[in-house]
Amino acid sequence: MHRLPTYSSVRRFQVVAILYCMRHILIASCLLILGYGMVMGSVELIKFCVILSAVTVVLGFVQWMLAGKTRCPLCLTPVLAHKTCAKNRNARRLLGSYRLRVALEICFRGNFTCQYCNESTSIEVRPRHRHYSRD
């Protein structure tokens, strides 16, 4: 299992995965609230939905900005960014999305399987080997 090179890359993977999951939850809840608000005729719920969708857009933008730096340590492809690269034939989806599966694996399991090279990566820093000189 591969590991990430630095603590900042570990934190970046965790933050981007949480933002990606939050964005999906906010989109689903916004659609539900909007539907309920339209059925009930509640202007307050529709206004709340507009504010919630603006927050979703801002979170999506922040996630997009950070996702380009979430690279697989083996193939160096950003696993949480939208790329049109060919996926591995063994890559699996969740609700039609490769990135959602990776984000949930990072959040709940602490590792992920890259959809491009199909290699597992642990969300922890690789150990540094110190080279001692002989005296």
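One table, with the values for the structure above:
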| item | result |
| --- | --- |
| Residue in the range 66-78 that is of a type in the set (Gly, Ala, Ser) and over 30 Å from His2 (Cβ atoms) present | no |
| The range 107-123 residues that are over 11 Å from Arg92 (Cα atoms), paired with ones that are among the aromatic types (Phe, Trp, Tyr) (beta carbon under 7 Å, 6 or more apart) | Thr121/Phe112; Ile123/Phe13 |
| Test result for Ser133, small (Gly, Ala, Ser), modelled with pLDDT under 90 and either over 22 Å from His2 (Cβ atoms) or surrounded by 17 or more Cβ atoms within 10 Å (Cβ to Cβ) (or both) | yes |
| Filter result for the condition that a residue is among the small types (Gly, Ala, Ser) and either within 19 Å of Thr6 (Cα to Cα) or surrounded by fewer than 14 Cβ atoms within 10 Å (Cβ to Cβ) (or both), over Ser53, Ser120 | Ser120 |
| Test: residue in the range 72-88 that is surrounded by 15 or more Cβ atoms within 10 Å (Cβ to Cβ) and more than 22 Å from Val10 (Cα to Cα) | yes |
| Cβ-Cβ under 8 Å pairs, at least 6 apart or on other chains, the range 31-54 side of a type in the set (Asp, Glu), far side in a helix (DSSP H, G or I) | Glu44/Gly37 |
| Out of Arg11, Arg3, Arg92, sole residue that is in contact (Cβ under 8 Å) with a residue 60 or more places away in the chain and on the phi < 0 side of the Ramachandran plot | Arg3 |
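Yes/no matrix, rows are residues, columns are (1) of a type in the set (Phe, Trp, Tyr); (2) surrounded by 15 or more Cβ atoms within 10 Å (Cβ to Cβ); (3) more than 25 Å from Gly110 (Cβ to Cβ); (4) at pLDDT 95 or above:
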{"position": "Leu4", "(1), (2), (3), (4)": "no, yes, no, no"}
{"position": "Tyr7", "(1), (2), (3), (4)": "yes, no, no, no"}
{"position": "Val10", "(1), (2), (3), (4)": "no, yes, no, no"}
{"position": "Arg23", "(1), (2), (3), (4)": "no, yes, no, no"}
{"position": "Ile33", "(1), (2), (3), (4)": "no, yes, yes, no"}
{"position": "Tyr36", "(1), (2), (3), (4)": "yes, no, yes, no"}
{"position": "Val39", "(1), (2), (3), (4)": "no, no, yes, no"}
{"position": "Leu45", "(1), (2), (3), (4)": "no, yes, yes, no"}
{"position": "Cys49", "(1), (2), (3), (4)": "no, yes, yes, no"}
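The values are calculated or read from the model by the stated rules, or taken from the named source; none is laboratory data. The shown structure was predicted, so the numbers you read here are calculated from the model rather than taken from an experiment. Positions of Cβ are backbone-derived with ideal geometry, glycine not excepted, and every protein chain shown enters the neighbour counts.
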